[in-house]
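Below you'll find the structure, written out as C-alpha cells, and then a few comments.
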Amino acid sequence: MNQANDLSIDQDVGQPSPDLVRQALRDVVASAEFQTSPRLQQFLTYVVEETLAGRGSQIRGKAIAVEVYGRSIDGSGGRNLVRVEARRLRRLLREFYEDHWNGQGVRIFVDPGGYKPRFSHQASLDDPKSDLASHGPTGGLRHLRGLLLVGLGVVAMIVMLGMWLRPGNDEVRQPTNTTRQAERAALGQQSLARLQAANLADQARGMFFPVFDVKRQQIALGMFQHSTELDPALPDGYAGMAQVLATLALLSQDEGTREDLLRQASQMSGTALELSPSGAWANASNGWRLAVSGDADVALNYARLSAELAPEDGHVLDLVGIAALIANEPELAAEVSNPSRVRSGSGRFGARNIWGVSQLVLGNYENVVDAFQGAPAAGAPVSGPSLLFQAVAHDQLGNFDEAQRLVDELDATWPDFPSEFLVQRIFPGDADIRKKILGSLAKY
C-alpha cells in the first residue's frame with residue numbers, strides 16, 4: 001500500500017510546525033498541476049492559513065464562496081460551487097502527491113465531508129517499517145491503478161456484450177456511429193477526464209431500471225459519484241446522483257433516511273442545473289426529485305420542459321414518465337411512454353412498464369396485460385410491481401385464475417415485497433387507484 005495516497009483520515013501522526021506547512025503549501029501551489037487553477041491556489045491557501053490561525057473548525061463553504069470566489073452570501077449557488085471546487089482541489093492534490101511525493105516532509109489533506117485541511121509528517125524513506133522503503137513512493141499505487149483499469153475494462157466489456165446480446169426493441173433508435181464518434185471526439189478534445197466521466201455517466205444511466213432494485217441503484221450511485229470526481233464540471237454525474245438519491249428516498253421506509261436522501265438529491269440537482277440550466281437530463285432529474293418530494297405541480301413543469309428539450313431521449317422520457325405517474329398525471333406518462341414513440345440512446349428503458357402503469361390508472365386493462373406480458377421478450381425490466389399490476393389488470397378483466405397465478409408468483413419470487421407501502425409511494429395523490437390495487441390484491 002502506498003502511504004502517500006492511503007493515509008487514514010483518523011491516523012495519529014505528529015503535527016508539523018507552521019513553517020513546514022507553509023513550505024509544503026508553497027510547493028503545492030507552485031506545481032504544474034495548480035498553475036492553471038489560480039482559484040484552487042487561493043482556495044487551498046485560504047483553508048490552510050485559517051487552520052494555522054486556529055480557525056479551522058470555523059471554515060464553512062459560505063465563507064469560502066465569499067472570500068475566495070467573491071460570491072454573494074445569500075443563496076445556495078456559491079456553496080454549490082465550493083462543493084464542486086473542493087472535489088477538484090482533492091483531485092489535484094492527489095495528482096500532485098502521486099507525481100511528487102517521496103515519503104518525506106509535510107503532506108496536506110482536504111478530506112471529503114469538510115474543508116478543514118489536515119497535515120501529516122510522513123516517516124522517512126529509511127524507516128524499515130515504512131511501506132515506501134520496500135515498494136517505492138508510487139509503485140503500490142501504480143499496481144493498484146493497473147488492477148483497477150483492468151477491472152473496469154472487464155466490466156465495460158461485459159456491459160457492452162450484455163447490451164449487444166439483449167433482445168432488441170424496435171422502438172429504440174441508437175445514435176449512429178458517426179454521431180456518437182463525433183460527440184466523443186469533441187469531449188476528448190476538451191479533456192480525456194471529461195470523456196471518461198461522460199462515458200461512465202452514460203453507462204450508469206442505463207442501470208436506472210428496474211427502479212425497485214436497491215442494490216442496482218446503489219451501484220449506479222457509485223458510478224455517478226465517480227463521474228463527478230473525474231470531471232466536477234460535467235452536469236451528468238450530478239443529475240444521475242440526484243435521480244438515484246431520489247429513487248432511494250422513494251424506496252426508504254425510514255422517514256429520517258428519506259428526508260436526508262431528498263436533501264442530498266436537492267443539492268445534486270441544484271448543482272446539475274447550475275452547470276446546465278437547459279440540460280434535459282438535469283431538468284428531468286429535478287422533476288423526478290420534486291415528484292418524490294411531493295411537489296407535484298413544480299415537478300410536472302420540469303418534466304414537461306425536459307421532454308421538450310429532448311423529445312427522443314429514452315432516459316429523459318423515462319424520468320418524465322415516472323415523475324408524471326407519481327404526480328398523478330397519467331396522461332403525460334402515457335404520452336411519453338407510448339410504444340409508437342421513437343426513442344434514442346443506450347441502456348435499458350422502462351417505457352413499456354411506464355406505459356402499462358399509465359394504462360392501469362386510466363382503466364385500459366387490456367393494454368396493461370399487453371404491456372407487461374411483452375416486457376421480458378423486449379428486454380424490459382421485470383420486478384415485483386410488474387406482477388402486481390398484471391394481477392390487478394387480470395382481476396379487473398375477470399381473469400381470476402391468471403390473477404391468482406400472478407399473485408402466487410409474486411409471493412414466491414419476492415416474498416417480502418412491501419405492496420401496500422409502494423402503492424402508497426407510487427400513487428400518493430390517487431386514493432381510487434390505491435384502493436383498486438390493494439382491493440384486488442386482498443382477494444388472493
Candidate set: the stretch 419-444, residues that are assigned to a loop (DSSP other than H, G, I, E, B) and either at pLDDT 90 or above or basic (K, R) (or both); chosen: the one surrounded by the most Cβ atoms within 10 Å (Cβ to Cβ): F427
Residue count, the stretch 260-289 (criterion: closer than 23 Å to N338 by Cα and among the hydrophobic types (A, V, I, L, M, F, W, C)): 5
Candidates L25, L20, filtered to the one that is among the aliphatic types (A, V, I, L, M), touching a residue at least 60 places away in the same chain (Cβ under 8 Å) and more than 13 Å from P117 (Cβ to Cβ): L20
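Table: residues versus (1) under 28 Å from R434 (Cβ atoms); (2) without any contact (Cβ under 8 Å) to a residue 60 or more places away in the chain; (3) among the basic types (K, R).
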{"position": "S252", "(1), (2), (3)": "yes, yes, no"}
{"position": "S269", "(1), (2), (3)": "yes, yes, no"}
{"position": "P277", "(1), (2), (3)": "no, yes, no"}
{"position": "G314", "(1), (2), (3)": "no, no, no"}
Conditions (1) of a type in the set (F, W, Y); (2) farther than 21 Å from I219 by Cα; (3) touching an Asp or Glu at 6+ places or on another chain (Cβ under 9 Å); number of the one not met by W281: (2)
Residue in the stretch 297-315 that is open to solvent by 50 Å² or more (accessible area, probe 1.4 Å), of a type in the set (S, T, N, Q) and within 20 Å of S266 (Cβ to Cβ) present: yes
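Listed here are the residues, each with its yes/no results for (1) open to solvent by less than 10 Å² (accessible area, probe 1.4 Å); (2) aliphatic (A, V, I, L, M).
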{"position": "A323", "(1), (2)": "yes, yes"}
{"position": "I326", "(1), (2)": "no, yes"}
{"position": "N338", "(1), (2)": "no, no"}
{"position": "R341", "(1), (2)": "no, no"}
{"position": "G350", "(1), (2)": "yes, no"}
{"position": "L362", "(1), (2)": "no, yes"}
Spans of helices (runs of 4 or more DSSP H) in the stretch 12-120 with at least 1 residues touching a His at 6+ places or on another chain (Cβ under 6 Å) and small (G, A, S): none
Residue tally, condition loosely packed, with under 13 Cβ neighbours inside 10 Å and either in a helix (DSSP H, G or I) or touching a residue at least 24 places away in the same chain (Cβ under 8 Å) (or both), over the stretch 401-418: 3
Matching residues in the stretch 206-226 - criterion: being outside any helix (DSSP H, G or I) and either farther than 17 Å from S285 by Cα or of a type outside the set (A, V, I, L, M) (or both): G206, F208, F209, P210, F212, D213
Counted residues, the stretch 28-67 - those being over 21 Å from P112 (Cβ atoms), in contact with a Pro (Cβ under 8 Å, 6 or more places away or on another chain) and at pLDDT below 90: 0
Residue within the stretch 383-404 that is of a type outside the set (S, T, Y), over 20 Å from A442 (Cα atoms) and modelled with pLDDT under 95 present: no
Given (1) more than 20 Å from P16 (Cα to Cα); (2) touching a helix residue (DSSP H, G or I) at 6+ places or on another chain (Cβ under 6 Å); (3) open to solvent by 30 Å² or more (accessible area, probe 1.4 Å); (4) modelled with pLDDT of 85 or more, index of the condition R79 fails: (4)
Residues (open to solvent by 50 Å² or more (accessible area, probe 1.4 Å), of a type in the set (A, V, I, L, M, F, W, C) and either over 18 Å from R22 (Cβ atoms) or in contact with a Ser or Thr (Cβ under 9 Å, 6 or more places away or on another chain) (or both)) located in the stretch 34-69: V66
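The values are calculated or read from the model by the stated rules, or taken from the named source; none is laboratory data. Every value quoted in this text rests on a predicted model; they were computed, and no experiment measured them. Note that we place each Cβ from the backbone using ideal geometry, even for glycine, and neighbour counts take in every protein chain shown. Accessible surface areas use protein heavy atoms only, side chains included; no ligands, DNA or RNA. Shrake-Rupley method; radii C 1.70, N 1.55, O 1.52, S 1.80 Å.
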